[in-house]
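Bear in mind that the values in this text are calculations on the coordinates, not laboratory data. Just so you know, these numbers come straight off a predicted model, no measurement behind them. Using ideal geometry, Cβ is built from the backbone for each residue, glycine included, and neighbour counts are taken over all protein chains shown.
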Amino acid sequence: MAASVRLLVRRLARLSHKSVTSSAATVSCRPGCCLGPSSSRCISDTAEDRSTHFGFETVPEAEKAKRVYKVFENVAQKYDVMNDAMSLGIHRLWKDMLLHVMHPQPGARLLDVAGGTGDISFRFLDYVLYQQERQKRRTAGSSQTPSWQDISDKYPTEDRPQESRAVVCDINKEMLKMGKQRADSMGITSGLSWVVGDAEELPFDDDQFDIYTIAFGIRNVTHIDQTLQEALRVLKPGGRFMCLEFSKVTNPVLAKLYDAYSFQVIPVLGEVIAGDWKSYQYLVESIRKFPDQEEFKGMIEDAGFFCVRYFNFTGGVVALHSGFKL
């Protein structure tokens, strides 16, 4: 309830800001500000007038989210199959590396934004379960066989470890639907929640999560800076932001091969496997429009994160960025 009220307040504040911006733009109009005889109004900086990219296409900001939603609605059923086909299965290694760098411990709370079909969250739960079992084995191995008195002395004071939880948050209901089906088929019944939510306006209170991940999703948002600010808001002090995303290839030879494969092969795979050429054409174009490693690192720092660094995987085809909320 508190999260819903907070979300409503933020939306009202944003609408108020837009109203003020629109009024200011109107007041600033004066003779000579219009461009040419065919212009019937002055240039303003309202949300309706601002544009952004959808792949290589320029579209109004208000339109991008709808078009991105449609892309993932169309590909949801074949999303995981296409990931394997496009990357030749290497995406699994990239996600495993994300968990290796994250190294979550039992009791951690994860927010997996644009989590779609649950790949990161499933790995997270497996990893913390492994860590928990490992800790139990270490404890058992380091102690001699206890007496009944030892057991009775320790039993009342031992606290049960806090359960780790993962929350998959995605704006697309079809992607979440596929994720839930996967969880059911894998027998995952606890420690996992599914929430419909916008990365730019997360439906959570402040300081809620230990780790925030967004894998191959941030390039699809309309406002990257706003998404980063929301990540900072919902993380606890000391919490970690981690973003796995396609980036800029560092080797010139690999870059040429990668471009050829991206534009000539991936859309064809999309047509053959998912019956959708356009969605995968958008995919490869959106990768080229995303900031490179250093630029994105600067954006994360500007949002307020500290100790920001990145790791290149497969020659920079993918980069993992990490930062902390202090």
Linear extension gain, R309 paired with F324, 0.36 nm per residue minus alpha-carbon span: 4.4 nm
Anchor K248: aspartates and glutamates whose Cα lies under 14 Å away (excluding residues fewer than 8 positions away in-chain): D259, E285, D292, E294, E295
When each of K95/K278; K66/K256; K78/K180 is checked by Cα-Cα distance, pairs over 21 Å: K95/K278; K66/K256
Proximal lysines relative to K136, as straight alpha-carbon distance under 16 Å, when same-chain residues fewer than 8 apart are discounted: K154
Farthest toward positive dipole pole in segment 189-326 [+1 Lys/Arg, -1 Asp/Glu at C-beta], among S279, G316, F204: G316
Using θ = phi - 60° and Karplus 6.51 cos²θ - 1.76 cosθ + 1.60, couplings along segment 273-289 (whole Hz; Gly, Pro as x): 8, 9, x, 8, 5, 4, 4, 7, 5, 4, 3, 5, 5, 5, 5, 6, 8
Simple label model, 7 Å out from Cα along Cβ direction - E201 to Y130, nm: 3.9
Extended-chain gain in nm, criterion 0.36 nm per residue less alpha-carbon gap, V101 and K278: 60.3 nm
Nonlocal amide H pairs with V318, under 5 Å, H built at 1.01 Å: S247, F313
Amide H contacts under 5 Å for T117, placed H, 5+ residues apart: none
Reachable lysines from K236, criterion Cα separation under 19 angstrom, eight or more residues apart if same chain: K325
Inter-label distance, nm, simple model (7 Å from Cα along the C-beta direction), V59/A140: 5.4
Distance between modelled label sites at E294 and L88, nm, 7 Å Cα→Cβ extension: 3.0
Long-range HN-HN contacts of D276 with modeled amide H, under 5 Å: E271
Cα centroid of segment 249-326 to Cα centroid of segment 183-242, whole Å: 19
